[in-house]
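Let me begin by presenting the structure, written as structure tokens, before commenting on it.
The values are calculated or read from the model by the stated rules, or taken from the named source; none is laboratory data. This one's a predicted model, so the numbers in the text were calculated from it and none came from an experiment. Cβ coordinates were reconstructed from backbone atoms using ideal geometry, including for glycine residues, and neighbour counts include every protein chain displayed. All accessible areas refer to the heavy atoms of the entire protein, side chains included, with ligands and DNA or RNA removed. Shrake-Rupley method; radii C 1.70, N 1.55, O 1.52, S 1.80 Å.
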Amino acid sequence: MTWRWEVFLEDPGGRYPTYWQWMLSAWGWTAAVSVSALILALLLGVLIGALRTWPDGVFWPRFAGAWVEAFRSVPLLVQIFLWYHVLPAIFPAMKRVPGCALAALALGFFTSARIAEQVRAGIQSLPPGRRDAGLALGLTTAQCYRRVVLPAALRVVIPPLTSEAMNVFKNSSVAFAVSVSELTMFAMQAQEETSRGVEIYLAVTGLYVISALAVNRIMAAVEKRARIPGLVAADALAGDRR
Amino acid sequence: MKKSLMFLAAAIAAASGTFARAEGTLAKIKASGSITLGVRESSGALAYSLGDGKYVGFHTEMAYRIVSALQKRLGLPKLDVKTQVVTSQNRVPLVQNGTVDLECGSTTNNAARQKDVAFAVTTYVEEVRMAVRADSGIASIGGLAGKTVVTTTGTTSVRTLRKRERAGVGAFKEVFGKDHADSFLLLESGRADAFVMDGQILAGAISRAKRPSDFKIAGEVLSVEPIACMMRKDDPAFKKEVDDAIKALIASGELAKLYDKWFLQPIPPAGTKVGLPLSAATKAAWARPNDKPMEDYAD
């Protein structure tokens, strides 16, 4: 087969003068949906993960457990359709919410359940004496979580969070189903119009790889900056200074 | 390292070369005693699946008729017909690399594809129209200003709409359904005011709706696309046989009977009627069989 990369210079006949400009805009949508979903997922995930291990009472751990099971057990595409088709049928006001916001919400909630489990695991990996020491100093449970437990637990879970952050970018491809003109939609549409599927899909794959790799590098930098010497096993592995 | 890479490249080039210089589809059919048809899962009444590996539809049945004609011409006592499901994404590569010998589904004959594959004479001319709710009062594309229009991702209708957008014909909002069922759901639930798509797909979707009388096809023809069977390029002997078979079906009235069967009579699985009479454009294509690309139909 012959390559025809000049297909990206052709005119799709719409808002964008060429296919590559359209593709970059689609990349922007992918990034916008992913980053907003990731921020939402991190905030909710840390909160729910902390509540999963909450020692006072049974309501909050159960609520957080239900949250995790609900958002983790239902396939992402089904969740997107629930947000897009079912909820607006019940609450007509939601019909005006744009598809990209719904996609970010769906992706954010889905990922929050996964991050919550990682945060819970991080908290449970700490020796229990740590929390007890905080409480013995007179901190409330909330203060103890904020000042003592979470700062250590979050450092522990940075590596799994990295893969989760990369997953968000890849999972954002389901947003095409709710009319967000992101990379996957561009690929499906442009390959149909140009009949050059291999070139289009290769370019789009390249952009996904670049996005995921950028997230990976950012998280690696975060991991390095946040490291407390002697706390995490990774430090012992990485540090051959000793 | 570099040498092994070059060897790999040479091996790939040689492998793809064998496909390119295959001695023609007719010889291949004769030698193997089999032909592979490209079929579709869901291309409206043109070509669809009933499940259980059964593929039917106007173009699918026509493909089987073409195969019987080929079998007679080649004097083969037995010809094994294999089917291979294709999608819009993979149909051109699968025909090019020899996996599929003849693809009769819903492939538009256009200039871009003609660089890669050949087309038989046009057997169906698709007209892109719009479906609206019957009580919406929308009668033409001009009536869409400020409204929401839905179409399906990965179809040529998206491009038709985009061209109108650039021309500035009434500003409307576009949304894109994941598939035709999804797009129709958006029209049905009121999220969209019009669904722009191939006429036969609209007619099929309306016929399967809860209350078909709630919807109608309205407005002018937005774009015209010739649909034809696709085969490998640079194989004039095979193309001639396929074209002759189709012309014989037209001349004998068989093709008109097939059209009636799939577009005007109740069809499986649900026994609904598409109810789309033969269009003037399709009639014209049958009267003068040709393989002109879509660009020659420019409005």
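Of everything in the stretch B:189-234, what is among the charged types (D, E, K, R) and free of Cβ contacts under 8 Å to residues at least 40 places away in the same chain? Give them in sequence order. Correct list: B:K210, B:R211.
Just give me the residues in the stretch B:201-233 being in contact with a strand residue (DSSP E or B) (Cβ under 6 Å, 6 or more places away or on another chain), surrounded by 21 or more Cβ atoms within 10 Å (Cβ to Cβ) and under 13 Å from B:S157 (Cβ atoms), in sequence order. B:L202, B:S223, B:E225 - these are the residues of the stretch B:201-233 that are in contact with a strand residue (DSSP E or B) (Cβ under 6 Å, 6 or more places away or on another chain), surrounded by 21 or more Cβ atoms within 10 Å (Cβ to Cβ) and under 13 Å from B:S157 (Cβ atoms). Listed by first and then second residue, the pairs with beta-carbon distance under 6 Å, at least 6 apart or on different chains, first residue in the stretch A:85-96 and closer than 13 Å to B:V175 by Cβ, second open to solvent by less than 70 Å² (accessible area, probe 1.4 Å) and at pLDDT 85 or above, are A:P88/A:M94; A:K95/A:P88. Of all residues in the stretch B:144-165, those that are within 20 Å of B:T108 (Cβ to Cβ) and open to solvent by 20 Å² or more (accessible area, probe 1.4 Å) have Cβ atoms under 6 Å from Cβ atoms of residues that are modelled with pLDDT of 80 or more and part of a helix (DSSP H, G or I), 6 or more apart or on another chain, in B:R159/A:E193. Among residues of the stretch B:113-125 that are acidic (D, E), those with a Cβ under 7 angstrom from a residue that is open to solvent by 10 Å² or more (accessible area, probe 1.4 Å), sequence gap 6+ or separate chain, pair up as B:D116/A:S195; B:D116/B:V92; B:D116/B:Q96; B:D116/B:K233. A single entry from A:W29, A:W67 fulfils the requirement of being open to solvent by 30 Å² or more (accessible area, probe 1.4 Å), under 22 Å from B:K178 (Cα atoms) and within 18 Å of the chain's Cα centre (by Cα): A:W29.
The combined condition, being within 13 Å of chain A (Cβ to nearest Cβ) and out of contact with any strand residue (DSSP E or B) (no Cβ under 7 Å at 6 or more places or on another chain), is fulfilled by B:R113.
Take B:V92 and decide whether it is assigned to a helix (DSSP H, G or I) and under 27 Å from B:S183 (Cα atoms).
Numbers: assigned to a helix (DSSP H, G or I): yes; under 27 Å from B:S183 (Cα atoms): yes.
Taking the combined requirement at face value, the residue satisfies it.
Scanning the stretch B:59-110 for residues that are β-branched (V, I, T), more than 14 Å from chain A (Cβ to nearest Cβ), over 16 Å from B:G33 (Cβ atoms) and open to solvent by less than 10 Å² (accessible area, probe 1.4 Å) yields B:T60, B:I66, B:V100. Here B:D182, B:D198 are screened, and the one residue that is touching a Gly at 6+ places or on another chain (Cβ under 9 Å) and open to solvent by less than 50 Å² (accessible area, probe 1.4 Å) is B:D198.
Scoring B:S49 on the criteria (1) modelled with pLDDT under 95; (2) open to solvent by 40 Å² or more (accessible area, probe 1.4 Å) leaves a single failure, condition (2).
May I ask you to verify whether A:M185 is in a helix (DSSP H, G or I), open to solvent by 20 Å² or more (accessible area, probe 1.4 Å) and in contact with a helix residue (DSSP H, G or I) (Cβ under 7 Å, 6 or more places away or on another chain)? Write out each step before concluding.
Working: in a helix (DSSP H, G or I): yes; open to solvent by 20 Å² or more (accessible area, probe 1.4 Å): no; in contact with a helix residue (DSSP H, G or I) (Cβ under 7 Å, 6 or more places away or on another chain): yes.
The answer is no for A:M185.
Only one of B:G177, B:G190 is surrounded by fewer than 19 Cβ atoms within 10 Å (Cβ to Cβ) and more than 25 Å from B:A228 (Cα to Cα). Can you tell me which? Before the answer, list the steps.
Values: B:G177 fails: surrounded by fewer than 19 Cβ atoms within 10 Å (Cβ to Cβ).
None of the other options fit; the residue is B:G190.
For the stretch B:116-143, the set of residues classified as open to solvent by 10 Å² or more (accessible area, probe 1.4 Å) and within 10 Å of chain A (Cβ to nearest Cβ) consists of B:D116 only. Screening the stretch A:165-182 for residues that are open to solvent by 10 Å² or more (accessible area, probe 1.4 Å) and of a type outside the set (S, T, N, Q) and picking the one that is farthest from the chain's Cα centre (by Cα) gives A:F176. Here A:V222 does not fit the description of being assigned to a helix (DSSP H, G or I), without any contact (Cβ under 8 Å) to a residue 60 or more places away in the chain and more than 14 Å from chain B (Cβ to nearest Cβ).
With over 15 Å from A:L38 (Cα atoms) and within 14 Å of another protein chain (Cβ to nearest Cβ) as the only criterion, which of A:P92, A:P151 stands out? So that I can check it myself, show each step before the final result.
Working: A:P151 fails: within 14 Å of another protein chain (Cβ to nearest Cβ).
Just one listed residue meets the conditions, A:P92.
Condition first: under 19 Å from A:W22 (Cβ atoms), open to solvent by 30 Å² or more (accessible area, probe 1.4 Å) and in contact (Cβ under 8 Å) with a residue 12 or more places away in the chain. Can you find one or more residues in the stretch A:125-138 that meet it? No, that holds for no residue. Applying the set (1) part of a helix (DSSP H, G or I); (2) surrounded by 12 or more Cβ atoms within 10 Å (Cβ to Cβ); (3) in contact (Cβ under 8 Å) with a residue 40 or more places away in the chain to B:D260 leaves exactly one unmet item: (3). For the stretch A:159-168, the criterion of being among the small types (G, A, S) and not in a helix (DSSP H, G or I) is met by no residue.
Any idea how many residues of the stretch B:26-58 are in contact with a His (Cβ under 7 Å, 6 or more places away or on another chain) and small (G, A, S)?
From the stretch B:26-58, those in contact with a His (Cβ under 7 Å, 6 or more places away or on another chain) are B:46-47; that's our starting set.
Add one more test, that the residue is small (G, A, S), and what stays is B:47.
Within the stretch B:26-58, residues that are in contact with a His (Cβ under 7 Å, 6 or more places away or on another chain) and small (G, A, S) number 1.
Can you find even one residue in the stretch A:110-119 that is assigned to a helix (DSSP H, G or I), of a type in the set (F, W, Y), open to solvent by 70 Å² or more (accessible area, probe 1.4 Å) and closer than 29 Å to B:R191 by Cα?
Step one: of the stretch A:110-119, the residues assigned to a helix (DSSP H, G or I) are A:110-119.
Adding the requirement that they be of a type in the set (F, W, Y) leaves A:110.
Applying the additional criterion that residues be open to solvent by 70 Å² or more (accessible area, probe 1.4 Å) yields none.
No, the stretch A:110-119 has no match at all.
I need a count of the residues in the stretch B:36-80 that are closer than 23 Å to B:Y124 by Cα and not in a helix (DSSP H, G or I). Working first, answer last.
Narrowing the stretch B:36-80 to residues closer than 23 Å to B:Y124 by Cα: B:36-50, B:54-70.
Imposing the further condition that a residue be not in a helix (DSSP H, G or I) reduces the set to B:36-50, B:54-57.
Of the residues in the stretch B:36-80, 19 are closer than 23 Å to B:Y124 by Cα and not in a helix (DSSP H, G or I).
Only residues that are in contact with a Phe, Trp or Tyr (Cβ under 8 Å, 6 or more places away or on another chain), closer than 18 Å to A:F91 by Cα and among the polar types (S, T, N, Q) were counted in the stretch B:184-201, giving 0. Within the set A:A214, A:A203, the sole residue that is closer than 18 Å to B:A112 by Cβ and either assigned to a helix (DSSP H, G or I) or polar (S, T, N, Q) (or both) turns out to be A:A203.
Listed by position, the helices (runs of 4 or more DSSP H) enclosed by the stretch A:1-83 that each have at least 1 residues that are more than 25 Å from A:L154 (Cβ to Cβ), touching a residue at least 60 places away in the same chain (Cβ under 8 Å) and within 14 Å of chain B (Cβ to nearest Cβ) are A:19-52, A:76-81.
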